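Q: The structure follows.
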Amino acid sequence: MISKSLAVLFLASFAILTMGQATAPASRPSTVGKIAASATDVVPLDKGATVPKLTLKAVDGKSYDLNTSVAKKPTVLIFYRGGWCPFCNQQMSGLEGIVKDLTDAGYQLLAISPDKPEELAKSTAKLTLTYTLLSDSDAAAIQAFGLAFRAASAQFNLLEQYSGEKHHALPVPAVYILGTDGTIKFVHFDPDFRKRMDPAKILEEAKAALSK
């Protein structure tokens with residue numbers, strides 16, 4: 001018979017494999033401000049931390065102050081790999097389905113990737129998106145959140161094409177829910193880029209975060 005402790009360990013492992021990690025593992029050093037060696041080494045900003053000061057680029061190439069925007073409305077912030085990634089495109093399309101519900105709840109939906117503004121414009125048109133895509137082409141945001149890791153060398157040319165830069169960094173896909181005071185209220189990330197948080201679950205967590 002499996003002991004109670006082994007059963008608990010099995011269930012915990014199964015939950016991580018199927019749902020991803022909701023918080024950063026405490027046993028490993030933070031990767032905030034760094035580019036980790038691999039996706040599994042990433043230990044990003046966790047619940048309770050404050051959003052770092054960041055300026056990104058909007059689809060039109062103009063500067064976008066993330067902190068000023070977050071101060072105006074509660075925010076669901078998505079980090080994704082780029083418009084070249086089919087898993088990301090599927091995720092971005094799915095998020096469009098909860099935009100109205102998030103807006104009705106008082107939220108704004110923002111999505112950040114290393115793609116340069118021109119590529120964001122292509123994604124917006126291709127996927128018919130109504131929410132805001134932001135360019136982190138210099139990888140400053142993904143490093144500030146601790147989500148950055150070094151991509152495989154086989155991806156270097158592709159990433160240079162999409163970002164216009166040679167940092168060769170990618171973000172571990174993640175979902176952050178932020179209060180207007182800049183506090184992180186919820187985090188979900190998964191080193192396996194094929195696994196993304198269900199939009200319905202994001203909406204559920206966003207509504208729950210309003211009372212926290």
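Q: Check which residues have an amide H placed less than 5 Å from Ala36's amide H, if you skip close sequence neighbours.
A: Ala148, Phe149, Arg150
Q: I want to make sure I understand the PRE zone here: with the label point 7 angstrom from the Cα of Ser63 toward its beta carbon, which residues in the stretch 128-152 have backbone N atoms less than 18 Å away?
A: 134-141
Q: Where is the GNM fluctuation largest for the chain (alpha-carbon springs, 10 angstrom cutoff): Ala71, Ala139, Ala58?
A: Among Ala71, Ala139, Ala58, the largest GNM mean-square fluctuation belongs to Ala71.
Q: Using the Karplus equation 6.51 cos²θ - 1.76 cosθ + 1.60 (θ = phi - 60°), what ³J(HN,Hα) coupling, rounded to whole Hz, does each residue of the stretch 189-196 give in order, writing x for Gly and Pro?
A: Going residue by residue, I get 8, 8, x, 7, 5, 7, 9, 10 Hz, with x marking Gly and Pro.
Q: Are there trypsin sites (Lys or Arg not before Pro) in the stretch 40-105 that DSSP marks as loop and that have at most 13 other Cβ atoms within 10 Å, and which are they? Don't skip to the answer; put the middle values down first.
A: Values: sites: Lys47, Lys53, Lys57, Lys62, Lys72, Arg81, Lys100; in loops: Lys47, Lys53, Lys62, Arg81.
Hits after loop and neighbour filter: Lys53, Lys62.
Q: Determine ³J(HN,Hα), in whole Hz, for all residues of the stretch 64-69 in sequence, where each value follows from phi through the Karplus function 6.51 cos²θ - 1.76 cosθ + 1.60 and θ = phi - 60°; x replaces Gly and Pro.
A: 10, 7, 5, 5, 5, 5
Q: Taking H as built 1.01 Å from N, whose amide H comes closer than 5 Å to the amide H of Val43, not counting residues under 5 places away?
A: HN-HN under 5 Å from Val43: Thr31.
Q: Across the stretch 52-60, in residue order, what do the Karplus-derived ³J(HN,Hα) couplings come to in whole Hz, using 6.51 cos²θ - 1.76 cosθ + 1.60 with θ = phi - 60° and x for Gly and Pro?
A: After applying 6.51 cos²θ - 1.76 cosθ + 1.60, I find x, 6, 9, 10, 10, 10, 7, 4, 7 Hz.
Q: Using only helices, what value at 222 nm comes out for the chain when you add -39,500 (n - 2.57) per DSSP H run of length 4 or more and divide by the total residues, to the nearest 500 deg cm²/dmol? Present the calculation step by step, with values, prior to reporting the outcome.
A: Values: 8 runs with 75 residues, N = 212.
After summing the helix terms and dividing by residue count, I get -10000 deg cm²/dmol.
Q: Counting other C-beta atoms within 10 Å, and keeping those with at most 11, which DSSP coil trypsin sites (Lys or Arg not before Pro) do you find in the stretch 125-202? Working shown, then result.
A: Details: sites: Lys126, Arg150, Lys166, Lys185, Arg194, Lys195, Arg196, Lys201; in loops: Lys166, Arg194, Lys195, Arg196.
Listed in order of number, the matching sites are Lys166, Arg194.
Q: Also: Who wins for biggest fluctuation among Leu54, Leu120, Leu170 in a Gaussian network model of the chain, springs between alpha carbons below 10 Å?
A: Among Leu54, Leu120, Leu170, the largest mean-square fluctuation in the Gaussian network model of the chain belongs to Leu54.
Computed from the coordinates by the stated procedures, all read-outs in this text should not be read as laboratory data. Note that this is a predicted model, so its numbers are computed, not measured. A quick note on method: Cβ atoms are made from the backbone with ideal geometry, for glycine too, and the neighbour counts reach across all protein chains shown.
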